[in-house]
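Comments concern the structure below.
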Amino acid sequence: MPKIDGSGRISFENGDLYVGEFIDGKPHGRGKMAYSDGARYEGSWCHGIIHGHGKYQWPIDCGGCVYEGDFKNNEKHGKGIMRQADGSVWYEGEYKQGIPHGKGTLYYPNGAIYQGSWKDGKRDGTGTYRYCNGYVYKGEWTQDKKHGYGIMICANGQEHFAGQWVDNKRHGRGSYKFGNGEIITGEWINDENPSTFLAARKRASKKQQCIVSPSSASLPTKSSRALDLDDGEHSRQDYSQPVLLIDGADDSMKDENVNLFLEELNEEFDSEETLLLPPAMSRNQSPLIMQGDL
């Protein structure tokens, strides 16, 4: 088949259809591609490869999401915006070889938001995570986990922990400020301050109902479970408030109940925060018919 330059239409053996500029029989320059699986692309091409600025829409059966931004060698690369099928923003920021890398903001379906640094598709560096229940974490991340120095602010805006984190848990030097203004400072080990934290928490609860940040502050990212500790037993009837309520200093409060609750929170957090990416855009095509300016 002779090599053809110009503009027009190219039909491929697999059913894909290209309309636009081409060189040597390959899409090159500006053009539109309608893929046989329902995907669509409009933008820049370089010798048959998606390269430059453009807009790609996945098929409806693959979610129907839309990416508009920079491409390199058939992959998202540079700055761009990924939108859900309904038009809402999913991710806005920098990409490298198809995945978030650099600075960017991810909007979770449940309303949570992460804004900050990414590395190889994971939260890594400095960033802010705003939970759907009002909690906010500001600090350092490593491999998708809170790791390094960070501040966790409770939903009431009055209580917060500031200090060191290791693998999503408070671990190392830190301080906790309660809603009544009391502050404790010390060493945390695996998310607890054994010597002072529980005592101070009970003293604070005598004066007011306080909201205590759960263990790793790894709150569930969808419907949350509330734990009623008034009688030391689990209550599963109210799932609307994803916080741990302590109403008065009650000696019947069992630490094992708290630990169980925190374990459940961690499991839900880990399972819900996986970053789901659309399918790859790698395409292999063989020209069948070319029509246009010869």
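The values are calculated or read from the model by the stated rules, or taken from the named source; none is laboratory data. Keep in mind that this is a model prediction, so the values were computed, not measured. Cβ placement follows ideal geometry from the backbone for every residue including glycine, while neighbour counts extend to all protein chains displayed. The area values use the complete protein model at the heavy-atom level, side chains included, leaving out ligands, DNA and RNA. Shrake-Rupley method; radii C 1.70, N 1.55, O 1.52, S 1.80 Å.
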Single residue of Asp120, Asp167, Asp144 found to be modelled with pLDDT of 90 or more, within 23 Å of the chain's Cα centre (by Cα), acidic (Asp, Glu) and surrounded by 17 or more Cβ atoms within 10 Å (Cβ to Cβ): Asp144
Positions within segment 6-52 being crowded, with 18+ Cβ neighbours inside 10 Å, among the charged types (D, E, K, R) and within 23 Å of Gln97 (Cβ to Cβ), in sequence order: Lys26
Per-region count, segment 1-50, residues of a type in the set (A, V, I, L, M) and more than 20 Å from His77 (Cβ to Cβ): 7
Residues being open to solvent by less than 40 Å² (accessible area, probe 1.4 Å), in contact with a Ser or Thr (Cβ under 9 Å, 6 or more places away or on another chain) and outside any strand (DSSP E or B) - total across segment 123-141: 3
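Is it the case, given these coordinates, that Gly102 is farther than 19 Å from Cys65 by Cβ and touching a Phe, Trp or Tyr at 6+ places or on another chain (Cβ under 7 Å)? Can you show your working first?
On the way: farther than 19 Å from Cys65 by Cβ: yes; touching a Phe, Trp or Tyr at 6+ places or on another chain (Cβ under 7 Å): yes.
Yes; evaluated as a whole, the condition is true for this residue.
Return the residues of segment 123-134 that are free of Cβ contacts under 8 Å to residues at least 40 places away in the same chain and within 12 Å of the chain's Cα centre (by Cα); say none if nothing qualifies. Explain how you work it out, then say what you get.
So the first thing to find is which residues in segment 123-134 are free of Cβ contacts under 8 Å to residues at least 40 places away in the same chain, and the list is 123-130, 134.
Result: Arg123, Asp124, Gly127, Thr128, Tyr129, Arg130.
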Residues (open to solvent by 50 Å² or more (accessible area, probe 1.4 Å) and over 29 Å from Gly102 (Cα atoms)) located in segment 147-164: Asn156, Gly157, Gln158
Gln97 over 14 Å from the mean Cα position of the chain (by Cα) and open to solvent by 70 Å² or more (accessible area, probe 1.4 Å): yes
Failed criterion for Met82 (all others in (1) open to solvent by 20 Å² or more (accessible area, probe 1.4 Å); (2) in a strand (DSSP E or B) hold): (1)
Cβ pairs under 7 Å, 6+ apart, first in segment 9-27 and at positive phi, second assigned to a loop (DSSP other than H, G, I, E, B): Gly15/Ser36; Asp24/Lys3; Asp24/Asp5; Gly25/Met1; Gly25/Lys3; Gly25/Ile4
Verdict on Asn180 being in a loop (DSSP other than H, G, I, E, B) and modelled with pLDDT of 90 or more: no
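Under the condition of being of a type in the set (Val, Ile, Thr) and assigned to a strand (DSSP E or B), which residue from segment 32-70 is nearest to Asp5 (Cα to Cα)?
Step one: filter segment 32-70 for residues of a type in the set (Val, Ile, Thr), giving 49-50, 60, 66.
The next check asks that each one be assigned to a strand (DSSP E or B); those that pass are 49-50, 66.
On the way: Ile49: 16, Ile50: 18, Val66: 30 Å.
Once the filter is applied, the top-ranked residue is Ile49.
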Cross-chain or 6+ apart pairs with Cβ under 8 Å, segment 83-95 first and farther than 25 Å from Lys119 by Cβ, then assigned to a loop (DSSP other than H, G, I, E, B) and at pLDDT below 95: Ala85/Gly63; Ala85/Gly64; Ala85/Cys65
